[in-house]
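The structure under discussion appears below in the form of structure tokens.
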Amino acid sequence: MTEDLFRFGQQVLAAQPFSVLLGAQLTAYTAGHAEIRLTLKPEYARHMRVAHGGVVSYAADTALAFAGGSVLGVASGAMIFTSEYKINYVKPARGDLLIARAFVIATSERQAVCRCDVWYVTNGAEHLCAAAQGTIVTAQTANKLS
């Protein structure tokens, strides 16, 4: 099941044009956990050669959605959405790579609350650059919110 979920997750990410544009990779995907990696290209930088906050935010949001979706039945066809999320930038992201690691911390039938830490990698060392928390919901719940 874990290998099937991982392959499914890779197919989902590959079907997202924005994720493809950024070159995002799903490198771990199990029930309740997801890891997204993104090579930091010069085009993703703001002044002073740090990654734009939107790129860091993308990595967090995507990892949160995959982690939440893994327990909400996305592999069985459930549609999921990010209902809300908050991100704290704790250090400018520099270096070659971003790694967003998300975990489900609480779940119900229609929603999953998840946490994500985003790390930048420079010279092989990981450094925390952001922490996020979000709520992922099923389409049925999302429809009730609108």
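The values are calculated or read from the model by the stated rules, or taken from the named source; none is laboratory data. Fair warning: this is a prediction, and the values are worked out from it, not measured in the lab. Note that we place each Cβ from the backbone using ideal geometry, even for glycine, and neighbour counts take in every protein chain shown.
Restricting attention to the stretch 105-114, and to residues there that are in a loop (DSSP other than H, G, I, E, B) and not polar (S, T, N, Q), which single residue is farthest from the chain's Cα centre (by Cα)? It comes out as GLU109. Taking the stretch 60-74 as the range and being closer than 18 Å to GLN140 by Cα, part of a helix (DSSP H, G or I) and among the hydrophobic types (A, V, I, L, M, F, W, C) as the test, the residues that pass are ALA65, PHE66, VAL71, VAL74. For the stretch 80-104, filtered to residues that are surrounded by fewer than 19 Cβ atoms within 10 Å (Cβ to Cβ) and within 17 Å of VAL12 (Cα to Cα), the residue that is farthest from the chain's Cα centre (by Cα) is PHE81.
Is it the case that VAL137 is under 21 Å from HIS33 (Cβ atoms), out of contact with any Phe, Trp or Tyr (no Cβ under 8 Å at 6 or more places or on another chain), buried (at least 20 other Cβ atoms within 10 Å of the Cβ) and modelled with pLDDT of 95 or more? When the stated conditions are applied, VAL137 does not pass them. Only a single item in (1) assigned to a helix (DSSP H, G or I); (2) of a type in the set (Phe, Trp, Tyr); (3) buried (at least 20 other Cβ atoms within 10 Å of the Cβ) is not met by PHE6, and it is number (3). Yes or no: GLY77 touching a residue at least 24 places away in the same chain (Cβ under 8 Å) and either farther than 15 Å from ILE136 by Cβ or surrounded by fewer than 19 Cβ atoms within 10 Å (Cβ to Cβ) (or both)? Criteria not met by GLY77.
A search for C-beta distances below 8 Å between a residue of the stretch 81-102 that is acidic (Asp, Glu) and any residue that is not in a loop (DSSP other than H, G, I, E, B), counting only pairs 6+ apart in sequence or on different chains, returns GLU84/GLY134; GLU84/THR135; ASP96/THR39; ASP96/VAL121; ASP96/THR122. Based on this model, can you work out whether ALA112 counts as buried (at least 18 other Cβ atoms within 10 Å of the Cβ), within 18 Å of GLY68 (Cα to Cα) and among the hydrophobic types (A, V, I, L, M, F, W, C)? Judged against the criteria, ALA112 is a match.
Among the residues of the stretch 9-59, the ones that are part of a helix (DSSP H, G or I) and either surrounded by 15 or more Cβ atoms within 10 Å (Cβ to Cβ) or of a type in the set (Gly, Ala, Ser) (or both) come to 14 in all. Within the stretch 42-65, can one find any residue that is over 16 Å from CYS129 (Cβ atoms) and in contact (Cβ under 8 Å) with a residue 24 or more places away in the chain? Yes, the stretch 42-65 contains at least one residue that is over 16 Å from CYS129 (Cβ atoms) and in contact (Cβ under 8 Å) with a residue 24 or more places away in the chain. From the residues in the stretch 115-133 that are of a type in the set (Gly, Ala, Ser) and on the phi < 0 side of the Ramachandran plot, which one is farthest from the chain's Cα centre (by Cα)? Among them, the one singled out is ALA125.
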